[in-house]
Amino acid sequence: MSKPPTKPLSKPARRQPTRSTGHSSGRQLPPAAGKKTPDTAMKASTKSTLIGAMFLMATSAIGPGFITQTTTFTVSLGAAFAFAIAVSILVDIALQLNVWRVIGVSGRRAQELGNLVVPGLGYVMAALLFIGGLVFNIGNVSGTGLGLDAMLGLDPKIGGALSALIAIGIFLSKRAGLAMDRVVLVLGALMILLTTYIAITSGPPIGTALKNVVLPDQIQFLSITTLIGGTIGGYIVYAGAHRLLDSGVSGPQHIRDISRGSITGILITGVMRIVLFLAVLGVVAGGTALDPKNPAASAFQHAAGEFGLRAFGVVLWAAAITSVIGASYTTVTFVTSRTKTTDKTRTILVVGFIAVSTVIFLSVGTAPTQLLVFAGAFNGLLLPVGIGVLLWVAWQRKDLLRGYSYPRWLLALGGAAWLLTIYLAVRSVKPVFELFS
């Protein structure tokens, strides 16, 4: 008796999409509410890093000297100072675009590129920056003391020592990088908001200021060069770019983020410069004579009374302590290796740098004028040397840029701005010869 034919096995039925749930086979489901995909988390991390780098650069530039310079030139030039601010912002953008792009794309710090261009040049750059950074950091610590004095009536030396301990505490925290980014962001925003309030209260002649942006009553080239040196001189020009590297943001794929960060950092500095200029202009335009010993504090007080004086204390303290953080962090990046130096060693060096600056401040009361002139000369020397190295890498060392084709228009723009830094260097070196003559 023959067996019946075996029925072939049927193929499993293909699963049909279920319309009621909105799901279909082969389609990746959207992330659940409140959950981040790896790509989203990476973008959020990069955005946070960029904001931190932008504000580190900006708040490093906005120090006690920044406030004094802006006030002094506003008093002497009046509304015509608007032209100098506008020109300096444009030059700063041209330089920062090149500095951030070369460092960011290459994935190497400025002194590392210097050693690759000319053996030993990077060490010279690091030495110049370290000397200038130390002396100016003494001035930054001094500024924190003066800020707490205006804010709370605290003895400047006690205020300086307490502020240094706060800065050290930030670097000793478990997530020092995040803490640094958050502190400079919050204090940077606070400075701008308070100064904007004073500017509104003082009632500046905005129309006259706008007219002077394009048709200045007078042009003082010294004010332009001083603003450029004060905004991107010494360690400041490298602060944000080195922070990006340490956060892992580098390479041609990050060009858009790097460019946006460099421009925004300068614009943040520019906004603070503009609102401070308007705050002081509103006071002096009304015929008020400022106290020559402390013109900025005098302007704030005339604009908003006792509150204005306390607000000035907050602004000065915030400007000074963020500059302590920026100067200490960036100076140490010039004397350490990004790949060979451990985080613990870097932290110890930063803490030591702040401590030494504070001890010197407590010993002498403030940074001696001769030392500040000496440091200014060294920073003036570093600016054209450092930028010259980076422009050379952009022009001739494509191998260091991971094959990235550098835009010629940007190189030409940077070259024109670089010529101005040479003029700055000449003006910075001259006082040293006078100092020792």
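The values are calculated or read from the model by the stated rules, or taken from the named source; none is laboratory data. These numbers come from a predicted model, not from an experiment. In this analysis, Cβ positions are derived from the backbone assuming ideal geometry, glycine residues included, and neighbour counts consider all displayed protein chains. To get the accessible areas, we keep the full protein, side chains included, count just its heavy atoms, and leave off ligands, DNA and RNA. Shrake-Rupley method; radii C 1.70, N 1.55, O 1.52, S 1.80 Å.
Determine the sum of side-chain charges near VAL314: Lys and Arg each +1, Asp and Glu each -1, restricted to other residues whose C-beta is under 14 angstrom from that of VAL314.
-1
As an exercise, use a Förster radius of 35 Å and the Cβ-Cβ distance of LYS344 and LEU410 to find the FRET efficiency, rounded to the nearest 0.05.
Given R0 = 35 Å and the Cβ-Cβ separation, E is 0.35.
What order, most packed first, do the peptides 81-90, 98-107 have when packing is the mean number of other Cβ atoms within 10 Å of each residue?
Listed from highest to lowest mean packing, they are 98-107, 81-90.
Cross-link partners among aspartates and glutamates for LYS398, C-alpha distance below 19 Å, same-chain residues fewer than 8 apart left out?
GLU112
Give the long-range amide H neighbours of GLY365: residues separated by 5 or more places, or on another chain, with amide H under 5 Å away, using H modelled in the peptide plane at 1.01 Å from N.
Long-range HN contacts for GLY365: none found.
Excluding ligands, DNA and RNA, what is the solvent-accessible area per residue of region 92-156 at a probe of 1.4 Å, expressed in Å²?
Here the per-residue accessible area is 30 Å².
For region 225-314, with every protein chain kept in place, what is the accessible area per residue (1.4 Å probe, Å²)?
Solvent-accessible surface per residue comes out at 33 Å².
Mind giving me the nanometre distance, one decimal, between the label points for GLN218 and ARG182, set 7 Å out from Cα along Cα→Cβ?
4.9
Based on the mean of other beta carbon atoms within 10 Å per residue, what is the order of 59-69, 318-328, most packed first?
Most protected by this proxy first, the peptides run 318-328, 59-69.
Under 15 Å from the Cβ of ALA126, count the other residues' Cβ atoms, weight Lys and Arg +1, Asp and Glu -1, and hand me the total.
+4
Tally up the carbon and sulfur contribution to the accessible surface of region 214-274 as a whole percent, 1.4 Å probe, everything protein left in place.
Of the solvent-accessible surface of region 214-274, carbon and sulfur hold 60 percent.
What full-extension length gain, to one decimal in nm, is calculated for LEU165 and THR288 as 0.36 nm per residue of separation minus the Cα-Cα distance?
Going from the current span to full extension adds 40.5 nm.
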